[in-house]
Every structure is written in structure tokens, then in C-alpha cells.
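Since the structure comes first, as C-alpha cells, the remarks are kept for the end.
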């Protein structure tokens, strides 16, 4: 989400910013909240302004007191409170794929089977795709965290990619009417509604494209793939971020209870089979 600091600038001019207090920022948070803005958006506003202030401090334009005011102000949104948990089961994913138009179907499949970010997918070019070795090789400049990584291509995705015709005039993998695919929300929304899948961030259990990243992480974990391997594929630099994209659902919980029950039964049987030694008479 792009943050516009015009409202912040109207309240805090350059002169006032130099003398700003934490209480001033807290009052700003309260006013924005009363105006109907979400906690997440307000936090991002303060965060964007904080970055500007830190830069100004580096350039000796503001004092440590200004920086301290921004450090002390607390976020309105609790940690991980906005973490999304929507994951499509394979049956839902297959229904969705059938309802999507071809160009969007390939993009969604790429997200579901690789966990790649939207930007990494729509900007993907054929020179980064090795169908023979079944590997997508991203350079540092292609990724959000600016670290090169390799993403494996599974059979299902391979079958989709090999059927995509390569354009002479454009090297992008995903094209629509001769131009790189960019905004496909309308197609995704229409397909979701057609197959009965809630759509949108503001909808309960609503699905959005970024959730394909959750799907990939969760499916890999359920498949027994080690966390370190999944993190290497998806480009998660910390375990905390990895866990945000790994959703524990009702099936996981039931499986956990069944595993515990099986363990307890095995222990009970082992105990029953251990012979009890007779005590010697005194």
C-alpha cells in the first residue's frame, strides 16, 4: 500500500517537527483513527514519517529529541494482528483454476506452486526460466530482499509453463494481449465468486493473490519439507516471517491429537508388555 504523507505534513510542518513530542504523535493517531483510518494504515503513516525523520537526523536537520519522540510512539496494531490465514485446499484451488482465464490461471498457478511474490512473477522473463533443469533462477535485482535464489518447478507447473508461447517482441513469461500481465484482480475476483470462494481483504475468509504464498508455505510444511528448505525457496530471511505464512488449520489440530493418542496407546501397550518381576520372599 502506498502511503501519502500529505495529511501528516499538514499537521506537522518542518518547524513543528523539530519540536515534536510523543504526545503529539499519539494525538495524531487518535485523530486519524476517529476519521476512519485503520490501525495498519496509521502505523504505516507514522512509519513513513519516521523514516524521513531518521534521514533528516543523519543530515543533521533534526535533533535526537525528535528521533526519540518517534521511537517512543507505540504502534496501534498489535504484532501479527493482521496476519492473513487464508489457505486454499487443493480442491478449492482446482475449482478456481478451471474458472480463471488462461493468462490469469498461469499467474495464480505460479504463485500457488512456488510461493513467489506477485512482483517476482509478473516481472519474470524467459531467460530466468530453465525448463530443462526445471528451475527458476532469480537474480538479486529480481527479489524483494535483494538476494538471488532458485525456485524449483514442479510437474504441474512445468506442464503449464511449457504450453505458454514465447513472444518475439517481449521476453516476459506472462502476457495478455501482447503486454505484460499487471493487474488481474478483476479476473481473480470473478473466478472466486463463480466457484464460491470469498474474495477480498475486507471479506471474512476472503482470498487474495498474496495468499498463494501462504498456500505454498503451508503445503510444503504439511508435506514434511524442512523449514530451512522452504525459507530458502521463498526468500524468507527470518523464521518469524516464515511462520506468518504458515497456517495451522483444523486438520493440523486434529492430526496432532490423533498423533498424541497414538503415542499414548503405544506407550500403554509397552507398559503392559513389560513383565513384572516377583519379589523375593524375606
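Name the single residue that is nearest to residue 91 (Cα to Cα) among those in region 171-195 being modelled with pLDDT of 95 or more and in a loop (DSSP other than H, G, I, E, B).
195
Could you tell me whether residue 119 is buried (at least 19 other Cβ atoms within 10 Å of the Cβ) and either under 25 Å from residue 230 (Cβ atoms) or at pLDDT 95 or above (or both)? Full working, then the answer.
On the way: buried (at least 19 other Cβ atoms within 10 Å of the Cβ): no; either under 25 Å from residue 230 (Cβ atoms) or at pLDDT 95 or above (or both): yes.
Answer is no for this residue.
Scanning for something outside any loop (DSSP other than H, G, I, E, B), modelled with pLDDT under 90 and either buried (at least 16 other Cβ atoms within 10 Å of the Cβ) or within 20 Å of the chain's Cα centre (by Cα) (or both), does region 70-89 turn up at least one residue?
Yes - at least one qualifying residue is present in region 70-89.
Name every residue in region 128-152 that is closer than 26 Å to residue 100 by Cα and either outside any loop (DSSP other than H, G, I, E, B) or touching a residue at least 40 places away in the same chain (Cβ under 8 Å) (or both), in order of residue number.
128, 129, 130, 135, 136, 151, 152, listed by residue number.
The values are calculated or read from the model by the stated rules, or taken from the named source; none is laboratory data. This structure is a prediction, so every number in the text was calculated from the model and none was measured. Note that each Cβ is placed from the backbone with ideal geometry, even for glycine, and that neighbours are counted across all protein chains shown.
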